[in-house]
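Data block below; observations after.
The values are calculated or read from the model by the stated rules, or taken from the named source; none is laboratory data. Everything numeric here is computed off the predicted structure, so don't read it as measured data. Neighbour counts run over all protein chains shown; Cβ positions are idealised from the backbone, glycine included.
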Amino acid sequence: MARRITTLTVARREQLSPSLVRVVFGDPGFGEFEPNDFTDAYVKLLLGDSEAPTMRTYTVRSVDPDRREIAIDFVVHGDEGVAGPWAARAEAGEQLSMLGPGGAYRPRSDADWHLLAGDESAIPAISAAVEALDSDAVARVYIEIEDAAHEVPIDHGPKVDVIWVHRAGADGTGEAGESPLSRAVLAGDWLPGQVHAFVHGEAQTVMHVIRPYIRRTRGVGAEWASISGYWRRGRNEESFRAWKRDLAVAEQ
Ligand SMILES: Cc1cc2nc3c(=O)[nH]c(=O)nc-3n(C[C@H](O)[C@H](O)[C@H](O)COP(=O)(O)OP(=O)(O)OC[C@H]3O[C@@H](n4cnc5c(N)ncnc54)[C@H](O)[C@@H]3O)c2cc1C
């Protein structure tokens, strides 16, 4: 990831759904931001004390070079944490520094079909990917949210099926990692031909249930699969990073 630091200014905040808030950033500072071509482009936000900032990772939902703005969509998940509560109250004129962008995925046009899955935290990256698909691309898109009031519009072509998976008051990820999202993906269509998969969200369900299904049960090679946790229930980002390191060591 580019180690470059950009400081942008909040232009406005928009409520996209009860759980998703968009913060639009712009000048002064836009000219310092160097976009990349990945649909999962992400930045590390530097929040709080400038001497010892708290770092949080977020997807760049969109870059508008004409308006000189970038948009980041934040899940508002209660009063816990740093970034979620900051976004819920962000005001025009506030400044925020960020590192990046990094990124690793863009839907491949040589795939026969696309599987995209995630929870609210992946809505920005999934939306950007769906918008980047060829007009005749075939895709199955699974997004776990609380209920229908949390759905957000996603522009998509005629062969893209967006399936909103509602938790409807049920807990998200269980002890073994199963979740409404994993149940929907495992029960869903598996189409013929080469898939390109993009799966991100709560780490236990993504890494312990959906990843083994795609990589082992369905035999999808690593070069056709972008799969990782974006957050982990019960852990803040610092202790989630430690969990990811431990998992990587255990898997070696
Ligand atoms: C590459 C990448 C891209 C990401 N893109 C986005 C994005 O575009 N939008 C986005 O909202 N998130 C995104 N995330 C996830 C985000 O970084 C985490 O959710 C992060 O933990 C939020 O920080 P926080 O300060 O709000 O909460 P933290 O201080 O990290 O955690 C506090 C508590 O809140 C819980 N928590 C954290 N996130 C969630 C959540 N989404 N839902 C429910 N509970 C939660 C934690 O388990 C913990 O108990 C991305 C993560 C990665 C790695």
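From the list GLY84, GLY78, the one residue that fits, being free of Cβ contacts under 8 Å to residues at least 24 places away in the same chain and within 16 Å of the chain's Cα centre (by Cα), is GLY84. Looking at the stretch 166-181, can you tell me whether even one residue there is under 27 Å from ALA41 (Cβ atoms), out of contact with any helix residue (DSSP H, G or I) (no Cβ under 8 Å at 6 or more places or on another chain) and not in a strand (DSSP E or B)? Among the residues of the stretch 166-181, not one is under 27 Å from ALA41 (Cβ atoms), out of contact with any helix residue (DSSP H, G or I) (no Cβ under 8 Å at 6 or more places or on another chain) and not in a strand (DSSP E or B), which makes the answer no. Under the condition of being touching a Gly at 6+ places or on another chain (Cβ under 7 Å) and charged (D, E, K, R), the residues counted in the stretch 104-136 number 3. If you go through the stretch 76-92 and keep only what is more than 7 Å from the ligand (Cβ to nearest atom), among the hydrophobic types (A, V, I, L, M, F, W, C) and not in a loop (DSSP other than H, G, I, E, B), you end up with TRP86, ALA87, ALA88. Of the residues contained in the stretch 231-249, none is found to be closer than 30 Å to SER135 by Cα, in the same structural domain as ASP136 (by TED's automatic domain parsing) and at pLDDT 95 or above. If you go through the stretch 1-11 and keep only what is loosely packed, with under 14 Cβ neighbours inside 10 Å and assigned to a strand (DSSP E or B), you end up with just ILE5. Would you check which residues across the stretch 147-183 are closer than 19 Å to ALA203 by Cβ and modelled with pLDDT of 95 or more and list them? Those that are closer than 19 Å to ALA203 by Cβ and modelled with pLDDT of 95 or more: VAL165, SER179, PRO180, LEU181, SER182, ARG183. Taking SER109 as the residue in question, decide whether it is more than 18 Å from THR205 (Cα to Cα) and under 18 Å from the mean Cα position of the chain (by Cα). Criteria not met by SER109. Scanning the stretch 199-232 for residues that are buried (at least 19 other Cβ atoms within 10 Å of the Cβ), aliphatic (A, V, I, L, M) and in a helix (DSSP H, G or I) yields a count of 6.
For ALA203, the test of being within 23 Å of THR59 (Cα to Cα) and away from the ligand (no atom under 16 Å from the Cβ) is failed.
Quick one: count up the residues across the stretch 94-144 that are farther than 17 Å from ILE70 by Cα and not in a helix (DSSP H, G or I). The number of residues fulfilling the criteria is 28. For first residues located in the stretch 19-31 and in contact (Cβ under 8 Å) with a residue 40 or more places away in the chain, partners that are of a type in the set (Lys, Arg) and within 10 Å of the ligand (Cβ to nearest atom) and lie 6+ apart or on another chain with Cβ distances below 8 Å form the pairs ARG22/ARG61.
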